[in-house]
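Inspection log for the structure reproduced underneath, given as structure tokens.
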Amino acid sequence: MLPRYGIDNENVRKKIEELLHSEYFTVSWLSGKIMEKVSAFMVENKLSFRDFNDWIIAYDAHSRKVPLITFDKILYNKCKKLGIQVIEI
């Protein structure tokens, strides 16, 4: 995502919200509301938007109160620190 190009998290969040509310952009498999919640969760927890795709999956599992199952040790450790139930395979 954009942070690797030197754009800060808050500006990335604003751009995501702008796209979600645009008449030219449609989210087909995730609701815009979930995307907004993930974005807010990331800003609140000072998480990098570089890992936005991982946090969509982790937040979705957390919001459904089911464990996230992952091979990713870094994501596993980050989730544990945030209180997200996770199972490492």
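The values are calculated or read from the model by the stated rules, or taken from the named source; none is laboratory data. This one's a predicted model, so the numbers in the text were calculated from it and none came from an experiment. With ideal geometry, Cβ positions are generated from the backbone for all residues, glycine too; neighbour counts draw on all protein chains shown.
Summed over region 28-45, the residues that are assigned to a loop (DSSP other than H, G, I, E, B) and modelled with pLDDT of 90 or more give a count of 1.
Select from region 37-68 the residues that are surrounded by 13 or more Cβ atoms within 10 Å (Cβ to Cβ) and of a type in the set (V, I, T) and write down the one among them that is nearest to H21 (Cα to Cα). If we take residues in region 37-68 being surrounded by 13 or more Cβ atoms within 10 Å (Cβ to Cβ) and of a type in the set (V, I, T), then V38 is nearest to H21 (Cα to Cα). For the structure I just gave you, tell me whether I74 is outside any helix (DSSP H, G or I), over 9 Å from the mean Cα position of the chain (by Cα) and farther than 18 Å from I7 by Cβ. Spelling it out, it is not the case that I74 is outside any helix (DSSP H, G or I), over 9 Å from the mean Cα position of the chain (by Cα) and farther than 18 Å from I7 by Cβ.
Residues in region 46-62: is at least one β-branched (V, I, T), within 13 Å of the chain's Cα centre (by Cα), modelled with pLDDT of 85 or more and not in a loop (DSSP other than H, G, I, E, B)? Yes, region 46-62 contains a residue that is β-branched (V, I, T), within 13 Å of the chain's Cα centre (by Cα), modelled with pLDDT of 85 or more and not in a loop (DSSP other than H, G, I, E, B).
The set of residues from region 30-53 being touching a residue at least 24 places away in the same chain (Cβ under 8 Å) and more than 13 Å from K14 (Cα to Cα) comprises L30, I34, N45, K46, L47, S48, R50, D51, F52.
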